[in-house]
1. Given H placed 1.01 Å from N in the peptide plane, which residues other than close sequence neighbours of ILE113 have an amide H under 5 Å from its amide H?
2. Treat every Asp and Glu Cβ in the chain as -1 and every Lys and Arg Cβ as +1, leave all other atoms uncharged, and give the resulting dipole magnitude about the Cα centre to the nearest 20 debye.
3. Take LYS90, LYS184, LYS121, LYS30 and order them by how many other Cβ atoms sit within 10 Å, fewest up front.
4. Please work out the Cα center distance from segment 157-188 to segment 20-67, rounded to the nearest Å.
5. Could you work out how much longer the chain between ASN112 and LYS12 gets when fully extended? Use 0.36 nm per residue separation minus the Cα distance between them, nm to one decimal.
6. Compute the relative contact order of segment 33-188 as a whole-number percentage, counting only Cα pairs closer than 8 Å that sit 6 or more residues apart in sequence.
7. So which helices of the chain fit the span-like rule, where a helix is a whole DSSP H run, its Cα atoms reach 15 Å or more along the axis, and its mean Kyte-Doolittle is at least 0.0?
8. When the dipole is taken about the Cα centre of segment 92-188, and only Lys, Arg (+1) and Asp, Glu (-1) are charged at their Cβ, what size is it in debye, to the nearest 20?
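Coordinate-derived values only; no laboratory data. Computed from a prediction, not measured in an experiment: that's the story for all the values here. Counting neighbours? That spans all protein chains shown, and the Cβs are built from the backbone with ideal geometry, glycine included.
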Amino acid sequence: MVEGSGSKTFSKARRLLYTEPVLAHTLLQKITDTTIAYLRQQIHAGADLLQLFDSWAGELPPAHYQAFAVPYLRQICEALPEVPKTVFAKGAWFALEDLANLPCQVIGLDWNISPEFAKQKTANTKVLQGNLDPCTLYADTKTIEKEALSMIRAFDGHHIANLGHGVYPDTPLDGVRAFVNTVKNYDV
């Protein structure tokens, strides 16, 4: 919308926050309103849970994330009280306390946030999800099992076992299978 194409720096979008913050808020409000309308239709069609992905959250400095992201995530969460919500803000380790104050039930974690840090910053007020580095699935089965079990144990049962982001297109199916089987076979 702002960049005009893919970007490695997001300099045009980030520049907008500094040079035209009113325009940026206007655009973000339109995106938020459209997102809420879309998600309402998802609920109407039978969605039992929603997950909001803010995959570029870590591109913003903390003050900008608090001003230009958190209020819109809050609006979305507040507008859809009828289903549980997960908020995943990749790279936004600095905003975990803000995310813990949103009206969502689950906070998704990328692989760069330690379980201890996440538990401390969220004060165990939310269920935590994710955290395994997706590249772990390129490893051999034993390594995948070891890493998955380590992640599960680090969260002490207040956790949804998942990756710290999506499965990459070239991820070996055997790696995915090893992870899923490890989680399914875990016995508390």
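1. Under 5 Å from the amide H of ILE113 lies no amide H from a residue far enough along the sequence or on another chain.
2. Details: 17 positive and 20 negative charges, 51 e Å.
In total the dipole reaches around 240 debye.
3. Working: LYS90 22, LYS184 8, LYS121 17, LYS30 11.
So the ranking, lowest neighbour count to highest, is LYS184, LYS30, LYS121, LYS90.
4. Segment 157-188 and segment 20-67 have Cα centres spaced 27 Å from each other.
5. On the way: separation 100, 0.36 × 100 = 36.00 nm, distance 2.62 nm.
So the chain would gain 33.4 nm between ASN112 and LYS12.
6. Working: 227 pairs, mean separation 29.0, N = 156.
RCO, segment 33-188: 19 percent.
7. Numbers: long enough: 21-44 (34 Å, 0.08); 141-154 (20 Å, -0.23); 173-185 (18 Å, 0.08).
The qualifying helices are 21-44, 173-185.
8. Numbers: 8 positive and 12 negative charges, 44 e Å.
It works out to roughly 220 debye.
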